[in-house]
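Some notes on the structure that comes next.
Each reported figure results from applying straightforward, stated rules to the coordinates on display, with no laboratory input. The shown structure was predicted, so the numbers you read here are calculated from the model rather than taken from an experiment. Positions of Cβ are backbone-derived with ideal geometry, glycine not excepted, and every protein chain shown enters the neighbour counts.
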Amino acid sequence: MNDKISVIIPVYQEKLTHIEQSINSIKNQTYSNMEILVGLDDPTNILAIEYLTRQEKNNDNFRLYINYENLGLAENLNKLIQKSTGKYVARMDADDIAEKNRLEKQYKFLIENNLNFVSGAYDSIDESGNIIKISRKRDLFNLDIRSIEKYGNILAHPLWLVSRNILNNLKYRKVEPAEDYDLIARAMLDSNVKFGYLGESLLKYRIRVKSESHRNPVKSIIMAKRVSNAIRNQQSTNIEELNFYEEKSKVGTKIIKLLGVIYLIRYRLVRIYIENLRKNDCYNSHEN
């Protein structure tokens with residue numbers, strides 16, 4: 001029998017049409033043993049409340065939690081994890097669209113490879129739903145992922161499928177927009193956590209120009225650099241240090257953005273190198 005999966009979906013101020021597409025893509029999954037938990041973090045979003053309330057009324061496996069005071073993403077997610085009952089927790093964003101076999105394929109990949117923390121590839125769409133980029137990658141496993149994470153985050157947050165025990169033990173910290181990378185860094189301190197990356201695209205990820213990383217790219221670069229340093233040093237980043245940020249001069253901003261480009265190039269080169277190693281391993285194995 002397949003284990004129960006709790007799908008947690010934080011909702012804030014996303015467009016109603018996007019929320020509907022996201023919810024429907026999860027409701028129509030080929031994997032049936034699941035529950036859907038939605039945390040609405042904006043009590044003024046009346047249209048979303050009305051729609052989500054109808055979903056809860058009409059679906060036995062659907063639960064809505066309205067935060068009448070804004071908690072922020074980290075605490076909203078922690079609340080949903082605490083309310084969940086599945087052996088595994090799947091993350092989903094309220095403006096993304098999951099392929100109908102996403103959970104089925106991720107769960108099979110996780111079980112067959114004895115993993116407990118899985119993410120994967122996604123296609124990018126714009127705010128209108130138009131395809132921007134199609135992604136097809138190679139499957140990667142624990143040691144390779146741990147190497148890549150030292151330079152950047154390959155484990156896309158909206159595609160996580162993770163043992164609930166791991167998330168309950170670690171919990172998200174208020175370090176937006178690096179709350180996912182920060183949790184990964186702390187998970188990597190535990191050798192019992194086995195990571196996996198499924199190369200088949202199972203999600204349409206919506207690129208939003210008003211996201212936190214787009215609003216303040218310099219802060220995002222600085223925080224990501226601090227987390228990657230912590231992973232390389234096998235340390236847990238101090239939350240005060242991670243959150244510390246001060247406005248930069250125009251020159252300082254330009255320098256940090258340039259460094260961000262350099263960091264991104266380095267991350268991509270490391271990823272390409274490791275993916276090519278796996279490609280060659282598969283080729284040599286086939287030849288032998």
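Give the Rg (one decimal place) followed by the Dmax (whole number) of region 1-150, computed from C-alpha coordinates and expressed in Å.
Looking at region 1-150, its Cα Rg and Dmax stand at 16.0, 46 Å.
Given labels modelled 7 Å from the Cα in the Cβ direction, how far is it in nm from Ile49 to Lys87?
Reported label-point gap for Ile49 and Lys87 is 3.8 nm.
Pop out the ³J(HN,Hα) list for region 91-103 in order, Karplus 6.51 cos²θ - 1.76 cosθ + 1.60 with θ = phi - 60°, rounded to Hz; leave Gly and Pro as x.
These are the phi-based 3J(HN,Hα) values: 8, 8, 8, 7, 10, 9, 10, 8, 5, 5, 9, 4, 5 Hz.
Along the charge dipole of the chain, which of Tyr205, Ser249, Ala156 sits closest to the positive end, that is, farthest toward it, with unit charges on the beta carbon of Lys, Arg, Asp and Glu (+1, +1, -1, -1)?
Ser249
How much length would be gained if the chain were fully extended between Asn33 and Arg268, taking 0.36 nm per residue of separation minus their Cα-Cα distance, in nm to one decimal?
Here the segment from Asn33 to Arg268 would lengthen by 80.9 nm.
In the set [x] 19.8; [y] 21.3; [z] 25.8, which value of Kirkwood radius over Cα pairs in Å was calculated from the structure you see?
So the structure-derived entry is [x].
Please compute, for the alpha-carbon atoms of region 61-107, the extent along each of the three principal axes and give them in descending order in Å.
Projected onto its principal axes, the Cα set of region 61-107 covers 36, 24, 19 Å.
Using helices alone, what [θ] at 222 nm do you get for the chain, with -39,500 (n - 2.57) per DSSP H run of 4 or more residues, divided over all residues and rounded to the nearest 500?
After summing the helix terms and dividing by the residues of the chain, the value is -14500 deg cm²/dmol.
Give me the Kirkwood hydrodynamic radius of region 114-210 in Å, from all C-alpha pairs, to one decimal place?
14.2 Å
Could you pull out every residue, at least 5 positions away or on a different chain, whose amide H is within less than 5 Å of the one on Lys194? Hs are placed 1.01 Å off N in the peptide plane, and Pro or chain starts have none.
For Lys194, the qualifying residues are Asn116, Phe117.
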